[in-house]
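The values are calculated or read from the model by the stated rules, or taken from the named source; none is laboratory data. The shown structure was predicted, so the numbers you read here are calculated from the model rather than taken from an experiment. Every residue, glycine as well, gets a Cβ built from its backbone with ideal geometry; the counts of neighbours run over all protein chains shown.
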Protein chains: 2
Amino acid sequence: MPSFGLRHRRAWASLFSQLLRPSGFVCIREVHFHSQGTRDLSPQQMVIREKILDMVVGCFKRHGAKRLDTPAFELKEMLTEKYGEDSGLIYDLKDQGGELLSLRYDLTVPFARYLAMNKVKRMKRYHVGKVWRRESPTIVQGRYREFCQCDFDIAGQFDPMIPDAECLKIMCEILSGLQLGDFLIKVNDRRILDGMLAVCGVPESKFHAICSSIDKLDKISWNDVRHEMVAKKGLAPEVADRIGDYVQCHGGVSLIEEMFQDSRLSQNKQALEGLGDLKLLFEYLTLFGIAEKISFDLSLARGLDYYTGVIYEAVLLQTPAQAEESLNVGSVAAGGRYDGLVGMFDPKGHKVPCVGLSIGVERIFAILEQRIKTSGQKIRTTETQVFVATPQNNFLQERLKLISELWDAGIKAELLYKNNPKLLTQLHYCEHMGIPLVVIIGEQELKEGVIKLRSVVSREEVAIKRENLVAEIQKRLSES
Amino acid sequence: MPSFGLRHRRAWASLFSQLLRPSGFVCIREVHFHSQGTRDLSPQQMVIREKILDMVVGCFKRHGAKRLDTPAFELKEMLTEKYGEDSGLIYDLKDQGGELLSLRYDLTVPFARYLAMNKVKRMKRYHVGKVWRRESPTIVQGRYREFCQCDFDIAGQFDPMIPDAECLKIMCEILSGLQLGDFLIKVNDRRILDGMLAVCGVPESKFHAICSSIDKLDKISWNDVRHEMVAKKGLAPEVADRIGDYVQCHGGVSLIEEMFQDSRLSQNKQALEGLGDLKLLFEYLTLFGIAEKISFDLSLARGLDYYTGVIYEAVLLQTPAQAEESLNVGSVAAGGRYDGLVGMFDPKGHKVPCVGLSIGVERIFAILEQRIKTSGQKIRTTETQVFVATPQNNFLQERLKLISELWDAGIKAELLYKNNPKLLTQLHYCEHMGIPLVVIIGEQELKEGVIKLRSVVSREEVAIKRENLVAEIQKRLSES
């Protein structure tokens, strides 16, 4: 075949000059072989990631969810007017003479589209998949432009707050199960938030914009948020101050009672509905034994447009000592109720109430990866159980016959792709890769109809009749 | 935690025995809620798909592969000049003021880019992920614009044909394991193909174009391919006829020997190299016990530019009776050797020889899904083990406390999200969903400190002390 080497090297040079141009992004350690804000996941990283995903999916299955998958891209119109201020972060595909398409921004909108499209009225589903957002990549915080989401949602008309409580229970089970340390789930309700804005004197046309500002309270101070509200979003200073009084409140059931008595809030129908639901929610959370993990927090807003009721966000609690040396990971799980989204896709506007949660596995992954690095723990990236070795030359044929038998018996086995490897090289490979067993075949063994079975750790060797080898290996593996 | 291994294997076996039945027609509803050529995967489809993927990944792990992941999109330049005539099928992202990006077209090019970028000289990796191609969607053939690929590749300089033989062994293990019926793997070598074109009198500048034509031989007749070569690609008719003599040859080791003696081919150095390697390959395939599944086929060309040595493609063999009523699925697995691709990404052109395979899981999925539909077999889409029920009103609190205990013990449990559901509704739900066990709590049980445990199939009920409930459920589940 002709070589493309030279032609390609030229393309490479032009690429390299492009990459050297200054960009506004955070500098990534790796060479710019691929798009900024994206990354490959190495085998070590995949092992950690798969353990996290197994745990998360195991929890979703424990709660009776079915698995769904949707395409990576949607018709562009399906994603418009769903994400508020964040819509600018949607990746569009080039118009190559077909439909206008966008990469999905989350897994919630595709789920709602699926329900409407298939006229599904009830469904408990989970979805593990990548989503894409054109954000400035701040990789130290574990934020990428391509990242994995794990979503669990319950769609359907049910008695109030039972599915909502289950979503919070799931978040607690996952965060406890992953042993990430102490955590807290902030809870609020969009109706309480809207009611609060109304009684503070915010005009309804500014609700979304002000919500977006409040949503920044976990990243910037109240003073900066207040400044944004007044200077950029045109709110009267006294209105902002009234909001300030509320958004600094957080607590448990007693705060709900307090807000029921609040002179302004108690005049707002929406807020009262939200407070009533939160009260019921806390009742169920107590039965689930997780009430002490939940904090009613009037500053929680959640950026996305589609929420209509209860909203929540889990944050990890760190001791000051930990905080200094560890990642600032922000929220690790979040979600809420979105009763209007499915109706937006239905030609007749039929609604399907939904509530759900999303696990921020990338951030969790960043924490666990760092922990493993710090501990110096070695991770096996293969599961190979047996290595097929020989001490002699010209034994490739016997090795191939033998390994084929092992594979056919379902045993995970490897050999070196070399006609005449040295025995020491073969044994070193096993030690390096953490392979527990070696089977050794040589002239003597062949003559006697046996195979030597060696434990890599103890270095003990026993001769085993060839016909008993598979059974003996399976016995050893089941014991270990 | 109880083990479900055995039961799972049995369920899978029964699923497969159903699948072996001849298949009927496929009927897919046209939808316009999302992009043409893409689709959602329903929970039923996801169950089948995950079983296939588990089986495929299990085989990759058995052969000692590590898992890798790469981003959905690459820098556009990374994908150019890799795919020959198919390059027009690459999806580009819109230029939104950053880099020029394209969705990945396969998993091979990203793997080569990864190796070059990280200066990795040896790696055995697998990758399961979606790829995107702007093809005319021919949905009846199981072709979509978004589809999943399962790739296994061995990178590194090794003794000849050992990794290549392992790739073919893996294809056999997977296709046998999935019980898809009889299959055949066609094998050829790019050097034999190039040598053949050279000795037939094809000018080197036309090698790629003529290869692409030959590649169509599994879809259109030799006459049509000949016409394309002569009329569209400007080949002399006598040259085309010489090609025709070769590409109609297929067979085993004896055909390799025959080609070694061929008056024209034996004059070509490249072809002789390829024939020599194929001979060695067949020796190893015989040791692996799979030689009878492999056919040396001079018509096999494979469309992609990057192959440099042995190439292969697995097809399912159908009896004429089956072929009439079933899907035309084409090849279900393919791959080959690409020794130059990594060097195209390396600034200094350093080469890393590679060989690999890709499993066409979408087509396999289409076959198995159709067989299940035909068999009328019902697939469970959840794994719920226990349902928490009550015969009485006002028992939501007790149900929530009880189900929380089950979840915390790792038991997969559900309840109805209703304050006062009817007992019959609850039992019907279990039957409908295939949930094996029900725990029932009512006033009487609460008073006596017991829970009723009911088998959904036998309808037998026993009272169990509340404190023994979890242990009893775990015992029952481990027995079933």
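Worth a mention:
Table: residues versus (1) more than 10 Å from chain B (Cβ to nearest Cβ); (2) over 23 Å from A:A155 (Cβ atoms); (3) in a loop (DSSP other than H, G, I, E, B).
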site	(1), (2), (3)
A:E74	no, no, no
A:E77	yes, no, no
A:E85	yes, yes, no
A:E99	no, yes, yes
A:V109	yes, no, no
A:A112	yes, no, no
A:L115	yes, no, no
A:V120	no, no, yes
A:H127	no, no, no
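- Residue in the range A:176-191 that is within 14 Å of another protein chain (Cβ to nearest Cβ) and either buried (at least 23 other Cβ atoms within 10 Å of the Cβ) or of a type in the set (S, T, Y) (or both) present: yes
- Positions within the range B:413-428 being at the interface with chain A (Cβ under 9 Å from one of its Cβ atoms) and in contact with a strand residue (DSSP E or B) (Cβ under 7 Å, 6 or more places away or on another chain), in sequence order: B:A413, B:E414, B:L415
- Checked against (1) in contact with a Lys or Arg (Cβ under 6 Å, 6 or more places away or on another chain); (2) among the acidic types (D, E); (3) surrounded by fewer than 19 Cβ atoms within 10 Å (Cβ to Cβ), B:D297 passes all but condition (3).
- B:D164 more than 11 Å from every other protein chain (Cβ to nearest Cβ) and acidic (D, E): no
- Each residue in the range A:264-287 was checked for being among the polar types (S, T, N, Q) and either in a loop (DSSP other than H, G, I, E, B) or within 11 Å of A:V253 (Cα to Cα) (or both), and 2 of them qualify.
- Criterion: among the acidic types (D, E), surrounded by fewer than 16 Cβ atoms within 10 Å (Cβ to Cβ) and more than 10 Å from chain B (Cβ to nearest Cβ) - qualifying residue of A:E369, A:E445, A:E362, A:E431: A:E431
- Of all the numbered requirements in (1) more than 9 Å from chain A (Cβ to nearest Cβ); (2) within 38 Å of the chain's Cα centre (by Cα); (3) of a type in the set (D, E), B:E383 misses one, and that requirement is (1).
- Output for the range A:257-286, where each listed residue is among the hydroxyl-bearing types (S, T, Y) and more than 17 Å from A:M161 (Cβ to Cβ): A:S263, A:S266
- The residues on offer are B:Q385, B:Q377, B:Q392, and the sole one that is buried (at least 21 other Cβ atoms within 10 Å of the Cβ) and either among the acidic types (D, E) or farther than 30 Å from B:F111 by Cβ (or both) is B:Q385.
- Here B:A155 meets each of (1) surrounded by fewer than 24 Cβ atoms within 10 Å (Cβ to Cβ); (2) more than 17 Å from B:K279 (Cβ to Cβ); (3) within 14 Å of another protein chain (Cβ to nearest Cβ); (4) not acidic (D, E) with one exception, condition (1).
- Cβ pairs under 7 Å, 6+ apart, first in the range A:462-480 and farther than 18 Å from A:K412 by Cβ, second part of a helix (DSSP H, G or I): A:I464/A:E472
- Some residue of the range A:251-270 being within 23 Å of A:Y83 (Cα to Cα), modelled with pLDDT of 95 or more and touching a helix residue (DSSP H, G or I) at 6+ places or on another chain (Cβ under 6 Å): yes
A quick yes/no check of all residues on (1) of a type outside the set (D, E, K, R); (2) under 19 Å from B:Q45 (Cα atoms):
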position	(1), (2)
A:E77	no, no
A:E85	no, no
A:D95	no, no
A:E99	no, no
A:Y114	yes, yes
A:R122	no, yes
A:G129	yes, yes
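- In the range A:84-110, of all residues being out of contact with any helix residue (DSSP H, G or I) (no Cβ under 8 Å at 6 or more places or on another chain) and in contact (Cβ under 8 Å) with a residue 60 or more places away in the chain, the one that is nearest to A:H127 (Cα to Cα) corresponds to A:L107.
- Residues that are of a type outside the set (D, E, K, R), surrounded by 13 or more Cβ atoms within 10 Å (Cβ to Cβ) and closer than 23 Å to A:L416 by Cβ, drawn from the range A:448-480: A:V450, A:I451, A:L453, A:S455, A:V456, A:A463, A:I464, A:L469, A:V470, A:I473, A:L477
- Any hit, the range A:44-62, residues being surrounded by 19 or more Cβ atoms within 10 Å (Cβ to Cβ), at pLDDT 95 or above, outside any helix (DSSP H, G or I) and at the interface with another protein chain (Cβ under 9 Å from one of its Cβ atoms): no
- Members of the range B:102-124 that are in contact with a Ser or Thr (Cβ under 9 Å, 6 or more places away or on another chain) and either basic (K, R) or within 30 Å of B:F207 (Cα to Cα) (or both): B:S102, B:R104, B:Y105, B:D106, B:L107, B:T108, B:P110, B:F111, B:R113, B:Y114, B:K124
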